[in-house]
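Read the figures in this text as sums done on the coordinates, not as results from a lab. Predicted model, so just to flag it, every value in this text is computed and none were measured. Here the Cβ is made from the backbone with ideal geometry for all residues, glycine too, and neighbour counts use every protein chain on show.
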Amino acid sequence: MNEAQNELDQVEQEVSARADVREIELESPIERGTAAPITRLTLRRPDAGALRGLSLMDLAQLDVTALQRLLPRISSPMITAADARKLDPADLFSIGAEVAGFLLKKKDLQDFQGR
């Protein structure tokens with residue numbers, strides 16, 4: 001029984017860790033000179049340090065300037081502020097929706113998603 005509980009705990013931790021990371025497939029890849037274009041971004045849940053100088057309300061409302069300031073802090077591969085300003089609006093909206101989801105407690109997000 002103890003081994004089964006350990007496995008269950010491990011699975012819950014992995015699910016929780018995945019909730020802190022989101023992958024976004026970009027509609028319009030980010031071009032950077034001769035380097036391969038960036039077609040996918042991985043976003044991590046921002047901590048208080050990544051949110052410094054930003055308004056949570058602006059992020060929740062998908063404010064473009066706030067998102068452009070946050071993205072270099074939470075994206076992998078890291079994109080620059082200039083890259084963020086060049087994002088396709090559809091990509092920026094998708095990213096903003098994921099960021100807004102990061103602002104919710106995990107339980108509230110699950111309730112919102114109907115799980």
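Can you tell me which residues in the stretch 15-39 are among the charged types (D, E, K, R), surrounded by 12 or more Cβ atoms within 10 Å (Cβ to Cβ) and farther than 18 Å from Ala82 by Cβ? Even if it seems obvious, please write down each step before you answer.
The first filter runs over the stretch 15-39 and keeps only residues among the charged types (D, E, K, R), leaving 18, 20, 22-23, 25, 27, 31-32.
Now restrict to residues that are surrounded by 12 or more Cβ atoms within 10 Å (Cβ to Cβ): 20, 22, 27, 31-32.
Across the stretch 15-39, the qualifying residues are Asp20, Arg22, Glu27.
Those residues that are closer than 17 Å to Arg40 by Cα and in a loop (DSSP other than H, G, I, E, B), I need them from the stretch 50-103; list them, please.
If the condition is that a residue be closer than 17 Å to Arg40 by Cα and in a loop (DSSP other than H, G, I, E, B), then Pro77, Met78, Ile79, Thr80, Lys86, Leu87, Asp88 are the ones that fit.
Just the residues that are free of Cβ contacts under 8 Å to residues at least 24 places away in the same chain and over 17 Å from the mean Cα position of the chain (by Cα), please, taken from the stretch 30-58.
Glu31, Gly33, Thr34, Ala35, Ala36, Pro37, Gly53
Residue by residue, here is whether (1) out of contact with any strand residue (DSSP E or B) (no Cβ under 8 Å at 6 or more places or on another chain); (2) β-branched (Val, Ile, Thr) holds:
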site	(1), (2)
Pro29	no, no
Asp47	yes, no
Asp58	yes, no
Leu62	yes, no
Ala66	yes, no
Leu70	yes, no
Thr80	yes, yes
Ala84	yes, no
Gly96	yes, no
